[in-house]
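The values are calculated or read from the model by the stated rules, or taken from the named source; none is laboratory data. Computed from a predicted model, the values in this text were never measured in an experiment. Cβ sites come from the backbone with ideal geometry, for glycine too, and all protein chains shown count toward neighbours. Heads up: the accessible areas ignore ligands, DNA and RNA and are worked out on the full protein's heavy atoms, side chains in. Shrake-Rupley method; radii C 1.70, N 1.55, O 1.52, S 1.80 Å.
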Amino acid sequence: MAEGPLNGIVIIDMSRVLAGPYCTRLLANLGARVIKIEVPERGDDARHYGPFIDNKSVYFTAMNYEKESIALDLKDTEDKALLDGLLAHADVLVENFRPGVMQRLGYGWNSLHKSHPSLIYCSVSGFGHTGPYQNRPAYDMVVQGMGGIMSITGHPDGEPTRVGMSIGDIGSGIYAAVGINAALYERSNSGIGRHIDLSMLDCQIALVENAVARYSSTGEIPGPLGARHPSITPFGAFETSDGHIIIAVGNEHLFVTLCKTIDAPDLLADDRYRSNEQRTNNETALKTQLNERFRQKTTAKWLSLLGEAGVPSGPINNIDEIVNDPQVAARNMVVDVNEPGLPGMRVAGNPIKISGFNDPAEREGAPNLDQNRAELIAEFDL
């Protein structure tokens with residue numbers, strides 16, 4: 001168990017695959033003790049997602065390291081008694097079943113709140129526990145499409161494009177962790193546990209940034225813009241002699257600095273580019289002129305020049321490049337996982353750095369299915 005501000009908090013993790021497990025892994029990174037409840041024999045579906053090394057799922061390990069596992073059949077009287085015993089010691093329960101499933105198992109919010117009034121209960125589902133869609137099944141891809149994110153991702157006139165990671169699951173996992181921490185703080189004053197009803201679709205809508213505000217104020221439906229920003233220019237990807245570079249010019253001073261750095265006084269004299277609004281209205285023409293300049297040097301050379309000038313810029317890294325980036329290493333954002341059978345296994349680290357707590361470069365691995373049954377029964381006298 002990691003050292004962190006949530007040391008002493010016990011979480012019963014009844015979630016599977018990604019949204020819930022991502023939330024509880026984040027909380028485990030912050031010091032919480034996470035006890036994962038799994039289906040006997042099969043376990044979490046994620047245990048069966050590749051790639052596999054020595055019959056172990058790398059996918060599962062990435063989302064479940066630093067947790068404990070106990071397999072319980074919730075239709076079995078003895079196993080239900082074990083879960084009841086664990087809940088008596090728990091601070092938080094996290095589940096991501098469709099609405100109604102936990103009630104049928106006898107572990108719905110209303111019944112558990114009566115027997116464990118201080119327990120915080122977090123439900124993560126596709127559409128939440130209210131509304132006409134509440135009983136629909138959902139995966140990441142479904143809510144990316146329904147939540148508007150795919151409509152503003154990709155290039156104009158291109159095929160619908162999924163965000164390159166599971167933002168539907170990850171976004172809801174982060175929001176769930178935020179909600180749980182808020183409920184823990186509130187409980188410290190009231191002593192009462194709360195029900196957090198978190199919808200993946202809701203979280204996608206919360207993540208579309210200012211698209212809703214832009215639509216409501218202009219009546220124009222936002223669409224995909226490739227790598228550019230809808231209202232700040234130049235702010236996007238530009239061609240160099242050997243690849244691309246990201247430029248983010250967020251104010252007039254930076255535009256002047258950019259033009260001086262790339263030796264483009266003509267752009268400063270062009271009336272089309274006098275303000276950010278004018279540059280945005282003439283983005284296509286400005287991008288063409290900027291690409292002509294940037295193609296004259298390599299990405300590395302431009303990064304050096306722009307970095308010295310203080311213009312926000314960067315490369316477009318692939319995963320190999322981020323894993324070996326010195327800034328990533330300095331921030332401990334790729335860490336080793338100590339798990340037999342997965343030599344050299346590395347995962348993304350904890351981005352939340354808090355003074356007074358260590359941020360170890362090595363983490364304990366994910367548990368085997370039912371690995372901690374005996375220890376948990378003995379510790380909690382179940």
Under the 0.36 nm per residue contour assumption, what length would be gained going from the current alpha-carbon distance of E308 and N338 to full extension? 6.8 nm
Please calculate how many Å² of accessible area segment 235-382 carries per residue, with a 1.4 Å probe and no DNA, RNA or ligand atoms counted. 56 Å²
Whole-percent carbon and sulfur contribution to the accessible surface of the chain (1.4 Å, no ligands, DNA or RNA) stands at 53 percent
Give K260/K287; K56/K80; K56/K353; K36/K56 a once-over and call out the pairs whose C-alpha atoms are over 22 Å from each other. K56/K80; K56/K353
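What accessible area per residue, rounded to a whole number of Å², is obtained for segment 1-132 using a probe radius of 1.4 Å?
Per residue, segment 1-132 has 39 Å² of solvent-accessible surface.
What does the charge count around I53 come to, taking other residues whose C-beta lies under 14 Å from its C-beta (Lys +1, Arg +1, Asp -1, Glu -1)?
Details: positive: R47, K56, R346; negative: D54, E339.
Local net charge: +1.
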Which entry in (i) 0.96; (ii) 1.71; (iii) 1.17 matches Cα Rg over 2.2 N^0.38 Å derived from the coordinates of this structure? (iii)
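Loop only per DSSP, at most 10 neighbouring Cβ atoms within 10 Å: give me the GluC sites (Glu not before Pro) in segment 207-291, ordered by residue number.
E220
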Between I246 and E379, how high is the FRET efficiency from 1/(1 + (r/R0)^6) when r is the Cβ-Cβ distance and R₀ = 56 Å? Nearest 0.05. 0.65
Alpha-carbon spread of segment 30-160, three principal axes, descending order, Å: 57, 44, 30
Simple spin-label estimate for N55 and I205 in nanometres, 7 Å along Cα-Cβ: 4.7 nm
Loop sites only, by DSSP: take the trypsin sites (Lys or Arg not before Pro) in the chain that have at most 11 other C-beta atoms within 10 Å and name the longest stretch containing none of them. 76-352
Difference of contour (0.36 nm per residue) and Cα-Cα distance, S217 to R136: 26.0 nm
What do you get for the angle between helix 283-294 and the principal long axis of the chain? Use alpha-carbon atoms, 0 to 90 degrees, nearest ten. 80 degrees
Want the number for N291 to E277: 0.36 nm per residue separation, take away the alpha-carbon distance, what's left? 3.0 nm
Per DSSP H run of n ≥ 4, the term is -39500 (n - 2.57); total these for the chain, divide by its residue number, and report the mean residue ellipticity at 222 nm rounded to 500 deg cm²/dmol. -11000 deg cm²/dmol
Using the Cα centre of the chain as the reference point, and only Cβ charges (+1 on K/R, -1 on D/E), how large is the resulting charge dipole? Debye, rounded to the nearest 20. 720 debye
Could you give the distance between the Cα centres of segment 3-31 and segment 126-179, to the whole Å? 22 Å
Treating cross-link reach as a plain straight distance, find the aspartates and glutamates whose alpha-carbon is under 16 Å from the alpha-carbon of K114, omitting any fewer than eight places away in the same chain. D84, D91
Stokes-Einstein D (µm²/s) once Rh is taken as the Kirkwood radius of segment 327-382 over alpha-carbon pairs, at 25 °C in 0.890 mPa s: 182 µm²/s
